[in-house]
Every structure is written in C-alpha cells, then in structure tokens.
Amino acid sequence: MTALDASSDAPPSDAGRSVPSVVRLDGVRRRFGSVEALAGLDLDVPHGGITVLLGPNGAGKTTAIRVITGALDPDAGRVSVFGLDPSEEGEAVRRRCGVVSAKPALYDRLSGFDNLAYSAELHGFDRGARMDERIREAAARFGIEAALAQQVGGYSTGMKTRLALARSILHEPELLLFDEPTSGLDPESSHAVLELIHAMPAEGVTVVMCTHLLLEAEGLSDQVVVLEDGATLLAGTPEGLTRRFWPAAVVRLAAEVPATLEAVRDLPGVRAYAPGNPATVELDDAARIPDVVLGLAARGVRLTRVEPHTPSLEDLYFAVRAGRTGPAGEAGAAA
Amino acid sequence: MNWHRVGVVARTDLKQLIQARDFWLPMVVLGAIFFLAIPTILLLAVTQVTDANIVEQLSSTLDVLPARARAGIPATTPVGRSSYALAVFLLAPVAVVVPLTICTAVGAATLVGERERGTGEFLAHSPAGVREIYLGKLIASLIPGYATTLVGFGVYSLVVNLLVGPHVGGWFFPTRQWWVLMLWVVPPFLAFTLSLVLRLSARVKSTAAAQQASGLVTLPLILVAYSQSTGALFGAERLGVAIGAVAWVVAALALSRGMRAVSRARLLGVADGI
C-alpha cells in the first residue's frame, strides 16, 4: 500500500503558495503489544482549516491524536507540531493544543465551572476575575453558561460534549484536536456541535477532527485524510480528490420515455452513458449540461429530471476502500 | 517542576473528595471511633473502677512497660498510673491506623480512577507533567488522612485530659513524645505507604484491584508503623526523632521511585500490562 502525497492536494493560501504545516508526521509507527496501531503514518496538516481523519474503528485515528500532543511517544518515525517534537517538548506543544476526546473526560463530581477552571489553571491561568471571565466566555460560546454551577454528573451527553468543547478552547489554542466529537449525540446536538467546529478556522485555529461518520466530514473538511490499518490511504482536499477520481462531470437524467435518452450519446462532450431512469451521463465539462438539455429537447426527448451529480465523500471513501482505479490512474496506487 | 500545577491537581482532587459524601462520612466515623469512642470507653472504664483488686491488677500490668517509660509516669495512685499508661502508651496505634487506612483508600483509587473515568485522557493531553500529577495526587491522598488524624488527635487530647488529668495532677497531654510522633514520625510513614499505593494504582486495571493490592501492602506497613511508633513513645525523645529521620529518608527514596510509575501511557490505559 502506498500513501498518496497529501501535498498535491493541500489547500493553497491566498497567494497560491503552500500553507505551512502545523502538524507533520513522517512514517510514524506505534505498537501496543502485538497490535500495530500506527504503521508508518504520514500526515501533513496545513495551517488554518479543518483536516478530517477518516477511517473505520481501529484505523489509528485516536493514536494519531495522542502522538500529536505527545501523550504517546512513537516507536519510530518523526513527529513535528508547530515545528516542535512533542516527545521532547510536550508541554510546549500541549499548551498550544486543545483536545476533545471521544469520551468527554469530565469530572462528574465537579461543577461545570470547576471542570473548566481545572483546565484553565493547568494551562497557566491564575485564579481571579480574568479566568472567571474567560470561562464564562467559552461556556457561553457553546451555550452551556447557564449550567456552569451544576455538577457535571447531572449533565446530558450533549451538555457534556459542549462543556468539553468549551474546555478545549479556554486557553485559546492554535490547534484543536477533536476525536469523534459527536459520539453519542442526537442529530440536533451533532449538527450544533459541527456548526461550532466549522466556525473555528475563521479565528485562525487549525482543526484536526477524527470521525468514522462520512456525513460529518462532508462539507466540513478542507482536507480529508483516509486512514486504514494505521497508515494514510489517501489525503487531499475533497474537491481535489473528487476530481482525481471523477474528472468528468456527471449528470443524472430522467425522461418520460427512458429509451429516448439514448440520443444523448450523439451529443458533443458526452464521454459515457449508463442507461436507466435516471440515466447517468459523464460529460467532459459541467458547463455542457445546458447544451445537453437543449440538444435532447431538440431531439424530442421530454426530460422530467436533470440532476448534476457531485460525488459525495461517501462515494469517494468507498471508491478508495474498494480499490477502484481512478481515471487519473492514481487510485490504484492509493488502494 | 511547576508547583502551581501540583497544587491545582491536589486541590481539584480534594474538591472531588469533599463532594463525595459516601467517601468522607465513613472517614469521619472511622476517626470518631478510634479517637473518641474507644479511648472514652477504655479510659472511663479504668478511671471509674472502684474495686481495689481490679485496680491493683491493672496497675501491675504496667510492669510490661520498659523501665524508662514506667519512670516517666507522674501519677502515684494505681488508677492514675493505669489510665496514664493507657492514654500515653497503649493507644499509639490510633495515630497510625486511622491515617494509613484513609490515605490508602484515597490513594488506591486516584490514578486508576482517572483511567476508569476516562479523565486520564484529559490529564494526558494537558500541559501538566507526570511528576506534577503524581505529586498532586500524593498530596491529595495524604491530606484527608493526616487532617483527620490531627483533628482526631485534638479530640483525643481533650478526652485524655478530661478523663485522666484529674488523676495525674492536671492536663498533661500531648506529651513531648506524642508531638514528635504526630509531627515527625507519622508523616513519613504515610508518605512511604502512599508511594507504594500510588505505584499500584498506576499499574493495575481497576480500582477494586488497586484496593485489594493496597490492602495487602499496607497491612504489614501498619504493623511496622505501629511498632516504630510505640518505640518512639516508649523511648527517649531522641529515639522518636531518629526513627522519624530514618523514615523520612526511606519515604523520600520511595517517592522518587514512585514518580517513575506514572506515565501518560498509563493515564491513557495503553501501557503494556494494563
């Protein structure tokens, strides 16, 4: 298995240059007994934006986060976070990171306020008005301010996640690491949490989020990294990866008489046609779609549906996992 | 070492203990039994005995005490001598059993508890160093037992002076040996015991296992601590100081080794063997 070069699809800066990496992992290995959690993981997280680590359970996502903060030392390979080695300068790295783990990791017997105060003080805040104000600001941002006085043991799962999120941003970190942050949440709470995460890069924060839920990553990620068996299977921007796997534009067409759709084969720009109702048509450019509609109408085809199809992350994920050979010829290497 | 963070870890752990009534209520009951109920009953029994033969028999039991200890008893009456000896020499285990039991109960759960609750993940990703976490948890485990003992010691002193004082010419407790015992000898024994208990807590898989193992470790330590404490009381003041000094050295070595038992991998529960 060979990992694709993540930098090829790395998000460019405004000036068109590559954005410097906040996190860089080169060939990182970590073994727990007989289990190899990370098997030569390569990862490049550019500054700003949201990088989503996608993979099934056991792919190495959580271990990757633990290695990034220096909570675990790698057995082999090189880790660089803000240009520092977390194994050597762990405190300096962790001061600049905020982490939300899969379980909220809160102290049930303490109040919400005390949980936040504990984290704030470990990050160097002195007790006093400034710390209290910062706590209330962070809690308010995640809509948990009113519950700060309550013991966390009485919180719902959604409230606990919000409190954990508030805790992660208290010290204004430059790098946020979220490990399945919506785990156990109802759809409404999940949506709210993802909205809040989505807003974070606007403040110059870099976000790394682990998930095995493709829908979560859809629309949220600036970079997708697909992990499998502790190694990078594929990395890049969603658009770039989609283009790489599906360079042609796809449109789905339905007609009153499906057989009449065969006429599309004769139209300019049509690369492939898969019959059905809807039929799937591959074009050399999405800009051809209006011409295709006019062309079919001119041939007497009565269209009932025209649906430009953008492959989802789910399509991409399963294409990669299934070892599909992309038109660019790179997926074979990836898979 | 960032001592501010050590204090934060200790304070937060203590705050959680205070919130847990199911923890501190038995602790208060234990202290009340050992420092108030048992001494009161025993000392009342001795001081209120009217049968001359029994009093004489009680007084003769003092022969088992070392000559130096016997010579130090100020009272002249059999009741006064018996009650003085009971209060000063024979209730020494009270000062050892209570803090060791409480500290062991708290310490055993402290590190493995973080792992079980999942909060070890929070600590592992925090800027706090493992030594700071270890020391914070050590202090948080030490304070409840030692504080209970100091408060209990005050109550015990009151009971002893009220019940035995009239028979020996006034308030006399704590004696100098007891001050040495409480402030110099008991703390290093607690620290040494906790260094072992925290090492266990860092290594085992569950709180239940930590408490089982800690019980086995602390039982012989209670016996050793008891014998040394008794020796400190029976002997000259300097003996107590010497026992305490040796105990401090041993405790310092044990604490230094104990720090190595805590690692971020162990807080996360992914170290080999967990």
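Any read-out appearing in this document is the output of simple, stated calculations on the displayed coordinates, not a laboratory observation. Just so it is clear, the structure is predicted and the values come from calculations on it, not from any experiment. Counting neighbours? That spans all protein chains shown, and the Cβs are built from the backbone with ideal geometry, glycine included.
Structure notes:
- In Hz, Karplus ³J(HN,Hα) per residue of the range A:183-190 (6.51, -1.76, 1.60; θ = phi - 60°; x = Gly, Pro): 4, x, 8, 6, x, 5, 5, 4
- From least to most packed, judged by other beta carbons within 10 angstrom and beginning with the fewest, B:I102, A:I144 follow the order A:I144, B:I102.
- Each residue in A:V224, B:V28 was given a count of other beta-carbon atoms within 10 angstrom of its own, and listing them fewest first yields B:V28, A:V224.
- Charge tally around A:L227: other residues with Cβ under 12 Å, Lys/Arg +1 each, Asp/Glu -1 each, net -1.
- Multiplying the residue separation of B:A45 and B:W3 by 0.36 nm and removing their Cα-Cα distance gives an extension gain of 10.2 nm.
- Among B:T218, B:T175, B:T40, the largest mean-square fluctuation in a Gaussian network model of chain B (Cα springs under 10 Å) belongs to B:T175.
- Within straight-line cross-link reach of B:K205, lysines at Cα separation under 19 Å, skipping those fewer than 8 residues along the same chain: A:K103, B:K137
- Angle between chain B longest axis and helix B:130-168 axis [Cα atoms, degrees, rounded to 10]: 10
- Cβ-defined net charge surrounding A:V67, 15 Å radius [Lys, Arg +1; Asp, Glu -1]: -2
- Fewest-first ordering of B:F153, A:F32, A:F318, A:F178 by other beta carbons within 10 Å of each residue's beta carbon gives A:F318, A:F32, B:F153, A:F178.
- Among the residues of B:125-137, the average count of other protein chain beta-carbon atoms within 10 Å of the residue beta-carbon is 4.
- Spherically averaged projected area of the protein assembly as shown from its Cα convex hull (nm²): 35.2
- In the range A:229-316, the trypsin sites (Lys or Arg not before Pro) that fall in loop regions by DSSP, at most 10 other Cβ within 10 Å: A:R302
- Among the trypsin sites (Lys or Arg not before Pro) found in the range B:242-274, those both in a DSSP coil and sparsely packed, with 13 or fewer other Cβ atoms within 10 Å of their Cβ, are B:R260.
- Note on the range A:17-57 and the range A:204-242: Cα centroid distance 11 Å, given to the nearest whole angstrom.
- GluC sites (Glu not before Pro) within the range A:185-293, DSSP loop, no more than 14 other Cβ atoms inside 10 Å: A:E256
- Computed log₁₀ I(q)/I(0) - Debye formula, equal Cα scatterers, no solvent, chain A, q 0.07, 0.08, 0.12 Å⁻¹: -0.37, -0.47, -0.88
- Each helix, a run of at least 4 DSSP H residues, gives -39500 (n - 2.57); summed and divided by the residues of chain B, these come to -25000 deg cm²/dmol at 222 nm.
- Shielding by other protein chains, A:101-109, mean Cβ within 10 Å: 6
- Under a Gaussian network description of chain A, with springs only between Cα atoms under 10 Å, the residue in A:S168, A:S87, A:S34 that fluctuates furthest is A:S34.
- With a Förster radius of 45 Å applied to the C-beta separation of A:L213 and B:A32, the computed FRET efficiency comes to 0.25.
- The distance linking the range A:289-310 with the range B:125-187 is 88 Å (Cα centroid to Cα centroid, whole angstrom).
- Distance cut-off 34 Å, percentage of C-alpha pairs in chain B lying past it: 27
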